[in-house]
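Please read the structure below before turning to the comments.
Taken together, the values in this text are just the output of simple stated rules run on the coordinates, not laboratory data. Quick caveat: nothing in here was measured; it's all calculated off a predicted structure. In this analysis, Cβ positions are derived from the backbone assuming ideal geometry, glycine residues included, and neighbour counts consider all displayed protein chains.
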Amino acid sequence: MERTFTIQEASQQTGVSTHTLRYYERMNLLDTIDRDNSGYRSFTNYDLDCVKFLTKLRATKMPIRQMQKFAELRRKGISSAHQRRLLLEEHYNEVIAHQNELHHSLEIISMKIAYYKEMEEEGITKEEDSYDLPTYISMVKAREKPQSSNSLNSINRSLEIETAHRLIDRLDSQDLAKLIELLQTKVGIKP
């Protein structure tokens, strides 16, 4: 006979609260959960696997209605595998699109941070004096048109190079010699 789990054990096994487990059952996201002789829920390993998968769908912001559709298809058995795959592919593509949006937003935030750092390094106290900074120009260009992550990465690399140039210009000859030695060691060139 297959091992079963109380609702508390199921909660511990899945990391989902007992309240959420009851909610999933009430919303028909789970197959009918068996009851023991005392009327308490009795979860199977299959039920736990379903709950764990549901948590992945929720973590990726799948709406409850879509999760209910998936559960309904799951109950139909293997004959609904194609429909389930299509539903999951659609959700997967939505998650990827959202990740791309987040990545683009993080790149913009990163550029803004670089802009503020550059303002601080240059000692700029008036915003209009910052409009000629390379980081400001890059931010304006990034806002004008959506960019691929490759072009955003190249902007970040060019910003890092420009910042490095400005920092090198501030070094005296002794510090510059130390930097050259460090760079030679880093790339494996013997001084």
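Between helix 173-187 and the chain there is an angle of about 40 degrees, using the helix long axis and the longest principal axis of the Cα atoms. Helix 45-59 and the longest principal axis of the C-alpha atoms of the chain enclose an angle of approximately 40°. Counting only lysines at least 8 places from K69 when in the same chain, those with an alpha carbon closer than 28 Å to its own are K52, K56, K61.
Helix 134-144 axis versus longest C-alpha principal axis of the chain: approximately 40°, rounded to the nearest ten.
The lysines within cross-link reach of K141, meaning a Cα-to-Cα straight distance under 28 Å and a gap of 8 or more places when in the same chain, are K112, K117, K126. Give, as a single signed number, the net charge of other residues whose beta carbon lies under 12 Å from the beta carbon of A97, with Lys and Arg counted +1 and Asp and Glu -1. Neighbourhood net charge equals -2.
Under the criterion of Cα pairs below 8 Å and six or more residues apart, the relative contact order for the range 1-145 equals 16 percent.
How large is the convex hull of the Cα atoms of the range 1-88 per residue, expressed in Å³ as a whole number?
Convex hull of Cα atoms, per residue: 97 Å³.
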